[in-house]
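Trainee: So that we are looking at the same thing, I have put the structure below in structure tokens.
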Amino acid sequence: MTNYKSKILLVEPSRIVAEGITKIITESGLFGQMSHLTSIAHLNEYMHSLPPDVLIINPSLLSAEKMTDFFSLQQRYPLLKTMAFCTQLADNTIVSKFHASATIFTNPSHFVKTLHDLTEQPKQQPKKRTGSDALSRREVEILILVAKGMMNKEIADQLNISLNTVITHRKNIIKKTGIKSVAGLTSYALMHNYINIEG
């Protein structure tokens with residue numbers, strides 16, 4: 001019986017960082033083929049021809065424009081495991097969409113263990129929001145306006161509702177999504193196709 005070793009694809013613009021990660025992964029002997037891309041420009045093409053089991057990517061590469069492409073990629077490859085490798089401060093809203101994460105300060109042995117655990121665990125499908133966890137139509141309307149940069153008073157005026165009603169809806173949105181920042185809510189709105197890049 002052949003012991004299958006997971007194929008890994010690293011997307012990291014820094015050659016120094018990429019060589020360090022590659023060395024750590026290769027020397028562990030726990031994984032199979034290791035590939036590297038310096039940008040996400042050819043990621044879709046690579047995934048189509050040589051799909052890896054694990055995708056390690058620097059989340060700083062995921063601009064608002066590329067974020068929806070990345071989430072779409074995760075949907076197209078449901079068995080793909082993803083790891084965020086942060087070389088700088090990253091938006092927790094984005095990092096939380098990965099199955100695992102590490103930083104440049106992560107101990108190499110802990111990095112390998114995290115990566116190995118990731119390959120050993122079956123992929124958890126994203127939880128679908130249903131029932132009390134789903135955003136109401138009015139909450140979606142408010143989320144869209146928040147993502148467009150509108151203040152509570154402006155939202156109240158546009159939707160012809162009271163300021164207190166807007167505040168209540170925003171509290172419910174935060175409770176349901178777990179996201180407090182406007183940037184995070186904007187990312188959420190993009191990811192769920194409530195808005196597009198052009199606004």
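Trainee: What is the mean projected area of the alpha carbon convex hull for segment 27-180, to one decimal in square nanometres?
Mentor: On the way: hull surface 44.9 nm².
Averaged projected hull area, Cα only: 11.2 nm².
Trainee: Can I ask one more? First select every other residue whose beta carbon is under 13 angstrom from the beta carbon of Phe31; then total the charges, Lys and Arg +1, Asp and Glu -1.
Mentor: Local charge sum for Phe31: +1.
Trainee: Additional query: Give the long-range amide H neighbours of Lys7: residues separated by 5 or more places, or on another chain, with amide H under 5 Å away, using H modelled in the peptide plane at 1.01 Å from N.
Mentor: It is Gly32, Asp53, Val54, by chain and number.
Trainee: Still on this model: Return the calculated 222 nm mean residue ellipticity for the chain, to the nearest 500 deg cm²/dmol, obtained by summing -39500 (n - 2.57) across DSSP H runs with n ≥ 4 and dividing by the residue count.
Mentor: Calculated from helices alone, the mean residue ellipticity at 222 nm is -14500 deg cm²/dmol.
Trainee: Here's another thing I want to ask about it. I'd like to know how segment 1-48 sits against the 2.2 N^0.38 Å rule of thumb: what's its Cα Rg over that expected value? Each step should come with its number before you reach the end.
Mentor: Values: Rg = 12.0 Å, N = 48, 2.2 N^0.38 = 9.6 Å.
Output field value: 1.25.
Trainee: Let me ask another. As I understand it, the value is the acute angle between the Cα axis of helix 137-147 and the longest principal axis of the Cα atoms of the chain; what does it come to in degrees, rounded to 10?
Mentor: Long axis of 137-147 versus the principal axis of the chain: about 70 degrees.
Trainee: Also: How big is segment 48-94 on each of its three principal axes, counting only the C-alpha atoms and giving the largest first in Å?
Mentor: Sorted largest first, the three principal extents are 31, 19, 17 Å.
Trainee: Could you give each residue of segment 163-169 its phi-based ³J(HN,Hα) in whole Hz, using Karplus coefficients 6.51, -1.76, 1.60 with θ = phi - 60°, and x for Gly or Pro?
Mentor: 4, 4, 5, 4, 4, 4, 4
Trainee: With the cut-off at 25 Å, report for segment 1-103 the share of all Cα pairs above it, as a whole percent.
Mentor: It works out to 15 percent of all Cα pairs.
Each reported figure results from applying straightforward, stated rules to the coordinates on display, with no laboratory input. Just so we're clear, the structure is a prediction, and the values are computed from it rather than from any experiment. Heads up, the Cβs are rebuilt from the backbone with ideal geometry, glycines too, and the neighbour counts pull from every protein chain shown.
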